[in-house]
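Have a look at the structure below before the remarks.
The values are calculated or read from the model by the stated rules, or taken from the named source; none is laboratory data. All of these numbers come straight from a predicted model, not from anything done at the bench. All Cβ positions, even for glycine, are placed from backbone atoms using ideal geometry, and neighbour counts span all protein chains on display.
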Amino acid sequence: MTALPDARVNKNLEGPGLRARIQKFGGYLAGMIMPNIGAFIAWGLITAMFIETGWLPNATLAGLVGPMLYFLLPILIGHTGGKMVHGNRGAVVGAIATAGVIIGGITEFATLSGTPMFLGAMIMGPLAGWALKQFDRAVEGKVRAGFEMVVDNFSLGIIGMLLAIVGTLGVGPVVAAIVGVLSAGVNWLVAANLLPLASLFVEPGKVLFLNNAINHGIFTPLAALDVAETGKSILYMVESNPGAGLGLLTAFMLFGPRSLRASTSGAIVIHFLGGIHEIYFPYILMRPVMLLGMIAGSMSGLFVATATGAGLAGPPSPGSILAYFAVTPPGGHLPMILTVLTAAVVSFLVTSALLKFGRGSDDSVEAEAAALASSGSLGDGVSILGSDVRKVVIACDAGMGSSVMVASQMRKRLAPYGVEVVHTPVDQIPTDAQVVLTHEGLADRAGKRVPGTVVVPFASYLGDPAFDRVELAIREGRTLTATGVGDAEGEPISSAAAPAATTATLARPKKRLAPGILPRQNIRLGLTATGKDDAIRQAGQVLVTSGAAEPAYIDGMLARELQTTTFLGQGVAIPHGTNEARAHINSAALGFLQYPEGIDWDGNTVNVVIPIASNSDEHVKLLAALATTLSDKERAARLRSATSVDEVIDLLTPTEE
C-alpha cells in the first residue's frame, strides 16, 4: 500500500523559535485537559439531556450541571496540572490552590453564577506544584530522621493554604476579569457574524500542530460558559469541524498525485470517523497552498453555523462526525449536518481547483521532497573528497537517541577507513565536522550551525541509502555532496582489516549491562495502547516511576515527536525528550515496552518502544546493541515477540569492545 505523505516535508524546525515554544505551551495545556476530557463529555451529555431544554428534562439531575462546571472540572484540571509538575504531591497541592481560585471567580453562591475557573486552574495547578517542588528541593537531605512525614504533610498543607488564599483574593478576580473580556469579544464576533474570520488564524495554526493550544487553551473554556447559559456553543465547532478536512482528503483521493490516491481513502476514514485531524496535516505541509481550501471550507461552515444557530453541548473529542452526533443538543442535528456538509463541499471544490482537477498532476511528491533536500539549506554546492574525510558527525535534536543509533551503524562501517564517528545534538555540532548526517527534518538547522560543511539528510534511521552514499564516497575516494556521490577522484581506499573486524565482532563475548541503565522493572511485555501519544506517555511514566526523570519530561518526549519521528524501523521507536527537557532528567535509564498488537506510529507499525533518559553517554552501548539487533531481521523479530525479561536483556546486552 502506498504510504501517506510524510508530515516532516517542509517542516524543519528553527530551534527554540516561536512556533516550537507555542507548540510546547499548547502541549502543556492539552496535558491538563486531555486526561480529563471524559469528565467534560460527561458534563456535556448531562447538560444536553437533563436541563430544561434537554432530551430528558429533569430538575434533580440538572442540578449536577452547576457543581460539575464550577467545582469538579476546574479541580480536575488543577489536580492534573500539579501532577505534571510534581507528581502526586503536586496534584494534591494543585487541587487545593484551584479551590481558592474557584471561590475567587464565583459572584453568587446561591445560584452558582460567576466565571468557571478553567483558566485559573491551568494557572494555579502547575504554579502550586512548582512551589511545592521548590520547597522539597530546598529541604532535601536536611530533615532529621523521623520527621520526614511531618515536614512533607505540613509543607503541603501550608503551601496549599497560602496559595488558596492568593487564588481567592488575587488570581481568581483577575482571571474572571480576563475571561469576561475574552467572552465579550467572542460574543461580539458572533453577534456581528464575524466568527468565521477566526478560520484565517485557526486553520494555519492547526497544521503547525498548534491545535491543542487553540482548542483547549481558548475555545473549550469559553464554550463552557455558553453551554452553562444556553445549553450549547458554536465555539466547540470552530476548530473541530471535520467537514473541511473531509473535503480536502476527498479532493486528493480523486485529483491528487497518483502515488497518494490509494492511501487517501484510509486517511478519510481515520479523519472523519476517527476524529484524528492530524492525518491531513501532511497534505497541507507538502503543498501549503492547500490551506486556502481548508480556510474556505471552515469559514463557510461557520457562516452556516452562525445563520442556523448550530452548536454543541460539549467538546467533540475526538473531532469526528460520530462525536458531533453524540454531543449535539435536541433540535440541533440539522444545523450541525449543514455546517459539516457545507465545510466539506466548499473545501472539496477549492482544493480540487488548486489541484487543477487532476489535469497535469503527476507523482510530484517525490520531486518536491527532492527539491527540499537539494535546497541551499542543505549545503547545495558544498562537497568534499571522500579520501579527505576523517570525522563524521551524526546529529539529532537531543543527541541521546536516534543519533546514537545511526552513529553505532556508521562507526562499524567507517572504522576500517580510520574515520571518527561521533554523535551530538544538532545545536552543538562541532566546528571541525567534515560531514554531518542528520534527519531531513533537522537538516536546515544543521546547515546553519556549520555552513560550508556537507550536510547529508536521511529519512530512515536504519539502512537509509544516505548511509551507503557516505560509505561509498569514503571507501572509493569519491566526491560527496548533500544528495549524491560524484565520480571517483582517486584510487579506492582498501582495508585489509575489514574482514578481520567482522570476524572479531562475531567472537566477542557478552558483557554485563551497566547497573541501573535498564532495570528489570523497566521492561514491560504484552502491553496495549490507544495510539502513539498514549504509548509515549506510558513509556515516559516508566522512566518517571523508576526515578530517572520527572513528570515534565513526558511533555518533552511528546514535543520531540512533533519535530521528527523517533521511529527507527523493524517495529521499534525510541522516544526521548527535547534538548530543553534534559533539565528534567535525574539519572540515565531506558525502558522497554512491548506492544504485540502493534501501534500506528506516523504510518508505521511499532511493537517495541524504548524510552530514553540520559544526560551523558551511559546508554550508548545498549543502543549500539539495539542497532546490531535491528540490523538482523531474525533477532529483531525475536525482540518484538520476546516473552520474558531475560530474553530481552540478552538481546540488548552489548558485546565486549
How many residues of the range 585-614 are of a type in the set (G, A, S), buried (at least 18 other Cβ atoms within 10 Å of the Cβ) and either in contact with a Ser or Thr (Cβ under 6 Å, 6 or more places away or on another chain) or outside the structural domain of T643 (by TED's automatic domain parsing) (or both)? The answer is 2
For the range 519-541, the count of residues that are in contact with a helix residue (DSSP H, G or I) (Cβ under 8 Å, 6 or more places away or on another chain) and either touching a residue at least 60 places away in the same chain (Cβ under 8 Å) or under 15 Å from W601 (Cα atoms) (or both) equals 13
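Each row is one residue, and each column tells you yes or no for (1) surrounded by fewer than 17 Cβ atoms within 10 Å (Cβ to Cβ); (2) among the acidic types (D, E).
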position: I96; (1), (2): no, no
position: I102; (1), (2): no, no
position: L127; (1), (2): no, no
position: W130; (1), (2): no, no
position: K133; (1), (2): no, no
position: E140; (1), (2): yes, yes
position: L162; (1), (2): yes, no
position: V179; (1), (2): no, no
Of the residues in the range 50-69 that are touching a residue at least 12 places away in the same chain (Cβ under 8 Å) and outside any loop (DSSP other than H, G, I, E, B), the one that is surrounded by the fewest Cβ atoms within 10 Å (Cβ to Cβ) is P67
Please verify whether A121 is within 17 Å of F40 (Cβ to Cβ), of a type in the set (A, V, I, L, M) and surrounded by 18 or more Cβ atoms within 10 Å (Cβ to Cβ), treating the condition exactly as stated.
yes
Taking the range 258-284 and keeping only residues that are hydrophobic (A, V, I, L, M, F, W, C) and modelled with pLDDT under 75, one is left with L260, A262, I276, I279, F281
Those residues of the range 521-552 which are over 14 Å from A613 (Cβ atoms) and of a type in the set (S, T, Y) amount to T528, T530
Residue hits (the range 196-219; modelled with pLDDT under 75 and buried (at least 24 other Cβ atoms within 10 Å of the Cβ)) are K206, N215, H216
Restricted to the range 330-352 and to residues being in contact (Cβ under 8 Å) with a residue 40 or more places away in the chain and more than 32 Å from the chain's Cα centre (by Cα), the residue surrounded by the most Cβ atoms within 10 Å (Cβ to Cβ) is G332
Sole miss for G314 among (1) small (G, A, S); (2) at pLDDT 90 or above; (3) under 28 Å from the mean Cα position of the chain (by Cα) is condition (2)
- Task: Could you check, for the range 228-242, whether at least one of its residues is assigned to a helix (DSSP H, G or I) and modelled with pLDDT under 80?
- Result: yes
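Yes/no per residue for (1) surrounded by 24 or more Cβ atoms within 10 Å (Cβ to Cβ); (2) in contact (Cβ under 8 Å) with a residue 60 or more places away in the chain; (3) assigned to a helix (DSSP H, G or I):
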position: L45; (1), (2), (3): no, yes, yes
position: F71; (1), (2), (3): no, no, yes
position: I75; (1), (2), (3): no, no, yes
position: H79; (1), (2), (3): yes, no, yes
position: H86; (1), (2), (3): yes, yes, yes
